[in-house]
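Reviewing the structure listed below.
The values are calculated or read from the model by the stated rules, or taken from the named source; none is laboratory data. Worth saying up front: this structure is predicted, and the values here are computed from it rather than measured. No Cβ is skipped: glycine too gets one built from the backbone with ideal geometry, and neighbour counts run over all protein chains shown. Remember, those area values only see protein heavy atoms, side chains included, never the ligands or the DNA or RNA. Shrake-Rupley method; radii C 1.70, N 1.55, O 1.52, S 1.80 Å.
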Amino acid sequence: MGMTMTQKILADHAGLDNVAAGQLISAKLDIVLGNDITTPVAINEFKKAGFESVFDKDKIAVVLDHFVPNKDIKAAEQSKQCREFSCSQCISHFYDVGKMGIEHALLPEQGVVTAGDCIIGADSHTCTYGALGAFSTGVGSTDMAAGMATGTAWFKVPSAIKFNLTGKLPENCSGKDVILSIIGKIGVDGALYRSMEFTGEGVATLSMDDRLCICNMAIEAGAKNGIFPVDRVTMDYLEGRCERPPVVYQADEDAEYDEVIEINLSEMVPIVSCPHLPENTKPATELSSIKVDQVVIGSCTNGRMEDMEAAYKVLNGKKIADGVRCIIIPATMEIYRECVERGYVTAFIDAGAVVSTPTCGPCLGGYMGILAAGERCIATTNRNFVGRMGHVDSEVYLASPLTAATSALTGYITNPEVE
């Protein structure tokens, strides 16, 4: 029996000719990732186990992104521990204030990850890098500690669901609408411990930012990972960017899939995920009576340049509705700088928004946009669980940057219309 893309990557990194779904393997790692919240726990476990040095200083990435610039004393202490460890271990890929960005936007941008990699990260949205044709998945801090020390991790080889994409997205839709639609269709456990493998002629019509967004939210369907084939879009993105040459894997024609789901991109409409699960999706047109207090455009899901462009397209020359707080967070310093150079930041401020340095901030209810009881937010983030962005009696609606920015102008959830 043939292998899927994910299975081929895992087999190669395990030094095996073949692997099968359910098989337990030990695989070599190309990158081990942690952030300012999860790395301190990993450092403590690393030292408790008696390890003195990491397996490869060039294959560890530590990104301070959740609470930076530090929001309080605890956050400052956690960042300090990361700094001291990274310095003592001569970690090549350490990103602090001034260089930092939201980790899952930063690592692809900086060429730290590439096609064919096997990556673990102590953050559930590590599955983002499947957009580049890599196997990447989130793990706990203890697994991160073991990965930093040994350069290996054990996995149960996942089975897979094939998503066959056809057609092309309408102008008012993006990758966020695609993944929300899929999660609405299969549910938050619909791909539990399985690989979501995206194929079909429609793949070529999706930008890299679309693909990064889609793979980012594979975990919201319970998946072990999401992955796209490596095509011209991928190679153009990787060219001149990555420190290691890409390795291209292709699924075998006789690869086994648990099921095949057809997705016609041409039929996509702007989708919103309502409280309190990502699977609770509805077309934006059905939610026009929902008043919002806050809009957040950013996060590891939708803080990239195309997302900033979408927000600018809507907000430029317009005014945000009275009573609405609009927070825009470019995902990396490079994206922030480009927004400044293009005049986007000025346009956002003139519209009545605030623009933050890169941070996860409000996505996880950390800071920079906490909700009070009874408040509603429409956000381009990835989760809308009870209390996710603040008070347990607040509500979070997930949407694309176009939908979120359009809603900021009206004060209600509003379907974006593109001229």
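Please list, by residue number, every one of the trypsin sites (Lys or Arg not before Pro) in region 38-81 that is coil in DSSP and has at most 16 other beta-carbon atoms within 10 Å. Let's see the in-between values first.
Values: sites: Lys47, Lys48, Lys57, Lys59, Lys71, Lys74, Lys80; in loops: Lys71.
Of the trypsin sites (Lys or Arg not before Pro), the ones in loops of region 38-81 whose Cβ has at most 16 other Cβ atoms within 10 Å are Lys71.
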Please provide three numbers in whole Å: the alpha-carbon extents of region 109-224 along the principal axes, with the largest listed first. 47, 32, 20
Which one, Met268, Val345, Pro330, is farthest towards the positive end of the dipole of region 268-363 when Lys and Arg carry +1 and Asp and Glu -1 on their Cβ? Val345
For region 18-81, the percent of all C-alpha pairs falling in each 10 Å bin, from 0 up to the bin holding the max distance, is 18, 39, 27, 12, 4
Along the dipole axis of region 234-321 (charges at Cβ: +1 for Lys and Arg, -1 for Asp and Glu; origin at the Cα centre), the most positive-end residue among Tyr312, Tyr249, Gly298 is Tyr312
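With +1 assigned to the C-beta of every Lys and Arg and -1 to the C-beta of every Asp and Glu, and no other charges, what is the dipole magnitude of region 119-251 about the Cα centre in debye, to the nearest 20?
Working: 11 positive and 14 negative charges, 65 e Å.
Roughly 320 debye, rounded to the nearest 20.
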Counting only Cα, what are the radius of gyration and maximum Cα-Cα distance Dmax of the chain, in Å? 20.4, 62
Inter-part distance where region 1-34 and region 392-407 are each reduced to a Cα centre, Å: 37 Å
Could you check the simple spin-label distance between Ala372 and Tyr193, using points 7 Å along Cα→Cβ, in nm with one decimal? 4.5 nm
Potential extension, Val97-Arg241 segment - 0.36 nm per residue separation minus Cα distance: 49.6 nm
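What full-extension length gain, to one decimal in nm, is calculated for Lys47 and Glu201 as 0.36 nm per residue of separation minus the Cα-Cα distance? Mind dumping the intermediate values first?
On the way: separation 154, 0.36 × 154 = 55.44 nm, distance 4.88 nm.
50.6 nm is the gain from fully extending Lys47 to Glu201.
Restricting the count to DSSP beta bridges whose residues both fall in region 1-154, what percent are antiparallel, rounded to a multiple of 5?
Numbers: 3 of 17 bridges.
Of those bridges, close to 20 percent are antiparallel.
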If you roll a 1.4 Å probe over the heavy atoms of the protein chains, what accessible area per residue do you get for the chain, in Å²? 38 Å²
Quick one: compute the contact order of the chain, relative version, from alpha carbon pairs under 8 angstrom and 6+ residues apart, as a percent. 18 percent
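Can you give the FRET efficiency to the nearest 0.05 for Val248 and Tyr412, using r as the Cβ-Cβ distance and R₀ = 30 Å? Mind showing how you got there, number by number?
On the way: r = 46 Å, r/R0 = 1.53.
E between Val248 and Tyr412, to the nearest 0.05, is 0.05.
Roughly what % of DSSP beta bridges within region 249-365 run antiparallel, to the nearest 5? Mind showing how you got there, number by number?
Details: 3 of 9 bridges.
Within region 249-365, antiparallel bridges account for around 35 percent of the total.
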With bins of 5 Å, the percent of all Cα-Cα pairs of region 1-146 per bin from 0 is 2, 10, 19, 22, 19, 13, 8, 4, 2, 1, 0
Bins of 10 Å, beginning at zero and ending with the bin holding the largest distance: percent of Cα pairs per bin for region 212-315, please. 9, 30, 37, 18, 5, 0
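Tell me the GluC sites (Glu not before Pro) within region 146-220 that lie in a loop according to DSSP and have at most 13 other beta-carbon atoms within 10 Å. Show your work: numbers first, answer last.
Working: sites: Glu171, Glu197, Glu201, Glu220; in loops: Glu171.
Those that pass, being in a loop and sparsely packed, are Glu171.
When DSSP beta bridges are limited to those with both residues in the chain, what percentage is antiparallel, rounded to the nearest 5?
Details: 11 of 55 bridges.
Expressed as a percentage, antiparallel bridges in the chain total about 20.
Keeping the other protein chains in place, figure out the carbon and sulfur percent of the accessible area of region 289-332, with a 1.4 Å probe. Let's see the in-between values first.
Values: 730 of 1490 Å².
Carbon and sulfur together cover 49 percent of it.
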Mind scanning Lys74/Lys319; Lys162/Lys313; Lys185/Lys319; Lys291/Lys318; Lys99/Lys176; Lys57/Lys156 and naming the pairs with a C-alpha gap bigger than 30 Å? Lys74/Lys319; Lys162/Lys313; Lys185/Lys319
Based on Cβ point charges of +1 for Lys and Arg and -1 for Asp and Glu, what charge dipole magnitude is obtained for region 291-355 about its Cα centre, in debye rounded to the nearest 20? 180 debye
Part-to-part distance (alpha-carbon centres) for region 128-199 and region 314-355, which is given in Å: 30 Å
Helical mean residue ellipticity (222 nm; -39500 (n - 2.57) per DSSP H run of 4+; nearest 500) of the chain: -8500 deg cm²/dmol
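With +1 on each Lys and Arg Cβ and -1 on each Asp and Glu Cβ, how big is the dipole of region 306-419 about its Cα centre, in debye rounded to the nearest 20?
220 debye
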